[in-house]
Structures are given as structure tokens and as C-alpha cells.
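**Student:** What follows is a structure written as C-alpha cells; I'll ask about it next.
The values are calculated or read from the model by the stated rules, or taken from the named source; none is laboratory data. The structure displayed is predicted, hence computed values, not measured ones. Cβ sites come from the backbone with ideal geometry, for glycine too, and all protein chains shown count toward neighbours.
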Amino acid sequence: MKADYIITNYNSVTSAFLMEEGRLVKACPLYNGSILGNLYIAKVVNIVKSINAAFLDAGTGDYLYYPIADNQGKEIFTKHGNSTKLCEGDEILIQISKEPIKTKKGEATSNICIKGSSIIINRSGEIGVSGKICDEEKRNELKETLRKVIDKYSDIHAGAIIRTAADKIDIKQVVDEAETILCKLKTMIEQSAYMNSRKLVYKVENRYLDYIKDIIVRQKYDDFSIVTDIEDIFDDIKQMTSNLEIGGTFSAEKNILIKLFSDNMTTPSQVYDIKSKLEKGMAKTIYLKSGGSIVVEPTEAMTVIDVNTGKAIRGKNTENTFLKINKEAAEMIARILRLRNLSGIIIIDFINMKQSENVRELVEHLKREIAKDEIKVNYVDMTSLGLVELTRKKESHPLTLNDFR
């Protein structure tokens, strides 16, 4: 598959756009307002026993929700009273696990998690391996080798999740990355003991670099181009890729092109037709090539998506027509979830089909499409009314056109 990752100033907002085979599947404003993944020293301002949760002040502008049961025994206190439990006035090191979304407060956790290209370091005390690494011998070798490294950091309850990318690189590279992240995490924990509350300890920067690195290491695309007309960003990408090794090499044979766009007569936005593709993907009603359409209705509780036949009913074989529209709609819906960053509960009302084999074919097609998402999407069920239920993990707020203005 061919993909292009474009970073440019769109409507004066520095943004990144991912195209797969010319279709826009991901858009992200690169402003510095995100606090997801940042580490802070937070003060416990209130404990609500009825919901077994605390509310913390980390200086982020609003209180953070902190589920006590999920973090029991994992707290990293920088200031603590005499009680064995979490108390009001205590100060702890936390990480932002969920950003504030609409009326919901942001969420904090003590299970600090730092992502690398091939490994995720956390404080679970356990080692997990991606289910996509199928070679049992490789899985066991990775776990045994990493266990020796993790055990050296038992004082911070270190754990790890070995990512899919680890299957494509040498184990030594995975170990080296784990050592680097573990050392960084231990240093931050030790230094936090001398910091005041409402203090930023660690900020996730240049998220686009992590995203690019992840794509390259996982070798997700056969042909991958990175295009930008911003010189500072181009230099950052070149610096990152020059330090990156994939199985000992990083070269043209990987079909990766990094290009500084320098045409004074046009812009990357115009060349890749970003405006029309973004507006179409963000529209309430999206028209399909088959003649059907889908209507996207975000609500406070869930996102509802309706698939309509429109002008597509031609001839006598309506069942095949319905299947064709539904499958095209499934592909578009999977792209919309990524593009708009929709999360939580998603209900899809596909066109009703009478033949059970067509329903099964549609469901399998939808599962294949949502599996392409970087964020976990669960197919839950199809109800007796024919409504498909999905859930998508919440990480940050959903996007609209206003985020790019």
C-alpha cells in the first residue's frame, strides 16, 4: 500500500495528514495544547468515597479524575501524610491517561506508561507481548530477554508490553530501547520527590515524530512518503530518521521518501487536495460512489451512523445492491472513525439485508476495515434490529473542521 504523510500549514494551523492510496484517513492539528501522556505532580483536593475516586489539581486548568481502585498500590507519593491510604493534601506523580472531552474531566493514572517504537514501558510489573507476533519461539525469547532487564528496575515496579514492531528488528535493539526508557522513567520518579505540586515533570513533544517512527519501524506501508514545506519540521524528521535503524538499515530499499516541498507556485494542501477531502470527511452527510450515503450524528452519549440507499436502487437484484452499498459504507465508516477521532459507543444502522450470508459477509468486511485503525476498535454485536455496535478507545477529543481553523 502507498501512503503519504503531509505536514503543512493549513488555514494557518500546522497540521499533519495521512493519505492511503490517495484517500485521507487521518488528520491531526499539531498545536501544543494536548496534555495527553504528560507527567505532573498533582495534589489531592477531594476524595469521593461513594465513587471510590479522587480529584486532583495538577495545574492543567481543571481537576482530574483519579480512580482509586485502579491505582491502589501504584501511587508514587511526593508528599504523604501518616495514613496508609490516599488522603486529601497528598501529592503524587501522575500521568494524563485521558484528555478532557466536552463536559468530562481528564483522567489521571499512576500506572505511568512511556511508549517506544518496539516496546511500551509501564509500572505493571508484568511483561506482555503483542498478539500479532505469532512466532512462539520469538515471543518466548523476547519475554525471557526483557525479563532480565525489567527485573533490574523492580524498585519502580517496571513492566513492559512488547509491540508488534519488535518482530521486525533485532532483539538487541528492543533491549537498548527498553533500557533507555527505563532509565528515563526511574530518573523522573527520583527527581519528582523534590518537586512542588502542580509541576510539569515530563511533556510529550513532537507527537508526529513518534507517529512517523511507528509507521517506519512497523513497515506498515510498501511505499511511504513524508512531505512537508516547513524547514524546521523537515530537519527534525531527517534527524530522527538518521538515528533510526531497521534491521540494521534505513535506506531507499525500504521505499521511504522524505521530501521538503519547495514549489513557490503551489502548496502541499493544493497538490494533495486536502481541503475538499477534509471537508467531505467531516461533513454530516457523505455521498458514496455507489449512489448511497451515510449520515453521521455525534451525540453526548454515542455516535450514530445511518446508511441510506439514496439513488442506488437500480434493477431487480436489490439484495446485491444493498450489499455493495453496505460494504462501501463500511470502508468509509472505518476511515471516518480515524479521521474524526470518534470514540466511545458507535451505532451503525446499515441497510437491512434478508440473506444471512450477506450479513455475515458485511460483518467480516467491517471487521477487516476497523482492524486497520491504530486505536483499538471493538466489534461488539449486531442487535436483533440489525444495528451494529462498535466501541473505540477514547484517547483525545473528536475532531471537527473548527480544529483546523
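**Student:** Having 1 or more residues that are without any contact (Cβ under 8 Å) to a residue 60 or more places away in the chain and closer than 20 Å to E395 by Cβ is the bar; report the strands (runs of 3 or more DSSP E) wholly within region 58-177 that clear it.
**Tutor:** It comes to 64-67, 91-98, 107-109, 119-122, 127-129, 159-162.
Here is a yes/no grid of residues against (1) assigned by TED's automatic domain parsing to the domain that holds V13; (2) in contact with an Asp or Glu (Cβ under 7 Å, 6 or more places away or on another chain); (3) among the aliphatic types (A, V, I, L, M); (4) touching a residue at least 40 places away in the same chain (Cβ under 8 Å):
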{"residue": "R198", "(1), (2), (3), (4)": "no, yes, no, yes"}
{"residue": "Y211", "(1), (2), (3), (4)": "yes, no, no, yes"}
{"residue": "I215", "(1), (2), (3), (4)": "yes, no, yes, yes"}
{"residue": "K220", "(1), (2), (3), (4)": "yes, no, no, yes"}
{"residue": "F224", "(1), (2), (3), (4)": "yes, no, no, yes"}
{"residue": "V227", "(1), (2), (3), (4)": "yes, yes, yes, yes"}
{"residue": "D232", "(1), (2), (3), (4)": "yes, no, no, no"}
{"residue": "K238", "(1), (2), (3), (4)": "yes, no, no, no"}
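**Student:** May I pose another question? Looking at I7, I41, which one is within 25 Å of K277 (Cα to Cα) and surrounded by 18 or more Cβ atoms within 10 Å (Cβ to Cβ)?
**Tutor:** I7 is the lone residue from the list that is within 25 Å of K277 (Cα to Cα) and surrounded by 18 or more Cβ atoms within 10 Å (Cβ to Cβ).
**Student:** When you check L362 against the structure, is it farther than 20 Å from A301 by Cα, in contact (Cβ under 8 Å) with a residue 12 or more places away in the chain and not hydroxyl-bearing (S, T, Y), yes or no?
**Tutor:** It is true that L362 is farther than 20 Å from A301 by Cα, in contact (Cβ under 8 Å) with a residue 12 or more places away in the chain and not hydroxyl-bearing (S, T, Y).
**Student:** Here is a further query. Would you mention how many residues in region 371-403 are part of a strand (DSSP E or B) and of a type in the set (D, E, K, R)?
**Tutor:** Count: 3.
**Student:** Name the single residue, out of those in region 336-361 being in contact with a strand residue (DSSP E or B) (Cβ under 9 Å, 6 or more places away or on another chain) and of a type in the set (D, E, K, R), that is nearest to E279 (Cα to Cα).
**Tutor:** The qualifying residue nearest to E279 (Cα to Cα) is R340.
**Student:** Of (1) in contact with a helix residue (DSSP H, G or I) (Cβ under 8 Å, 6 or more places away or on another chain); (2) within 29 Å of Y40 (Cβ to Cβ); (3) crowded, with 16+ Cβ neighbours inside 10 Å, E177 satisfies all except one. Which?
**Tutor:** Among (1) in contact with a helix residue (DSSP H, G or I) (Cβ under 8 Å, 6 or more places away or on another chain); (2) within 29 Å of Y40 (Cβ to Cβ); (3) crowded, with 16+ Cβ neighbours inside 10 Å, the lone unmet condition for E177 is (1).
**Student:** Restricting the search to region 146-164, which residues are surrounded by fewer than 16 Cβ atoms within 10 Å (Cβ to Cβ) and under 21 Å from C134 (Cα atoms)? Before the answer, list the steps.
**Tutor:** Here is the first cut: in region 146-164, the ones surrounded by fewer than 16 Cβ atoms within 10 Å (Cβ to Cβ) are 147-148, 151-152, 154-155.
Residue satisfying the conditions is R147 alone.
**Student:** Filter region 196-236 for residues that are surrounded by fewer than 16 Cβ atoms within 10 Å (Cβ to Cβ) and among the aliphatic types (A, V, I, L, M) and give the result.
**Tutor:** If the condition is that a residue be surrounded by fewer than 16 Cβ atoms within 10 Å (Cβ to Cβ) and among the aliphatic types (A, V, I, L, M), then L200, L209 are the ones that fit.
**Student:** For region 76-120, what are the residues that are touching a Phe, Trp or Tyr at 6+ places or on another chain (Cβ under 9 Å) and of a type in the set (S, T, N, Q)?
**Tutor:** Passing the criteria: T78, Q95, T109, S110.
**Student:** Could we say that K104 is under 26 Å from the mean Cα position of the chain (by Cα) and over 30 Å from F224 (Cβ atoms) here?
**Tutor:** So K104 fits the description; yes.
**Student:** Could we say that T84 is surrounded by fewer than 12 Cβ atoms within 10 Å (Cβ to Cβ) and not hydrophobic (A, V, I, L, M, F, W, C) here?
**Tutor:** In short, yes.
**Student:** Could you run through region 16-54 and say how many residues are under 26 Å from N341 (Cβ atoms), of a type in the set (A, V, I, L, M, F, W, C) and assigned to a strand (DSSP E or B)? Give the steps one after another, and end with the answer.
**Tutor:** As a first pass, look at region 16-54 and keep what is under 26 Å from N341 (Cβ atoms): 16-40, 42, 53.
Okay, now just the ones that are also of a type in the set (A, V, I, L, M, F, W, C), so 16-19, 24-25, 27-28, 30, 35-36, 39, 42, 53.
Narrowing the set further to residues that are assigned to a strand (DSSP E or B) leaves 16-19, 24-25, 27-28, 39, 42, 53.
Of the residues in that region, 11 qualify.
**Student:** Let me ask you something else. Would you confirm whether or not region 117-133 contains a residue that is buried (at least 20 other Cβ atoms within 10 Å of the Cβ), out of contact with any helix residue (DSSP H, G or I) (no Cβ under 7 Å at 6 or more places or on another chain) and closer than 24 Å to C183 by Cα?
**Tutor:** Yes: one or more hits.
Every residue, every condition in (1) more than 27 Å from N341 (Cβ to Cβ); (2) touching a strand residue (DSSP E or B) at 6+ places or on another chain (Cβ under 6 Å); (3) not assigned by TED's automatic domain parsing to the domain that holds T400; (4) not acidic (D, E), yes or no:
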{"position": "K105", "(1), (2), (3), (4)": "no, yes, yes, yes"}
{"position": "S118", "(1), (2), (3), (4)": "no, no, yes, yes"}
{"position": "G125", "(1), (2), (3), (4)": "yes, yes, yes, yes"}
{"position": "K172", "(1), (2), (3), (4)": "yes, no, yes, yes"}
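**Student:** Does at least one position in region 369-383 carry a residue that is aliphatic (A, V, I, L, M) and more than 26 Å from M1 (Cα to Cα)? Quick ask: steps written out before the conclusion?
**Tutor:** Within region 369-383, the subset aliphatic (A, V, I, L, M) is 370-371, 375, 377, 380, 382.
Add one more test, that the residue is more than 26 Å from M1 (Cα to Cα), and what stays is 380, 382.
There is at least one residue in region 369-383 that is aliphatic (A, V, I, L, M) and more than 26 Å from M1 (Cα to Cα).
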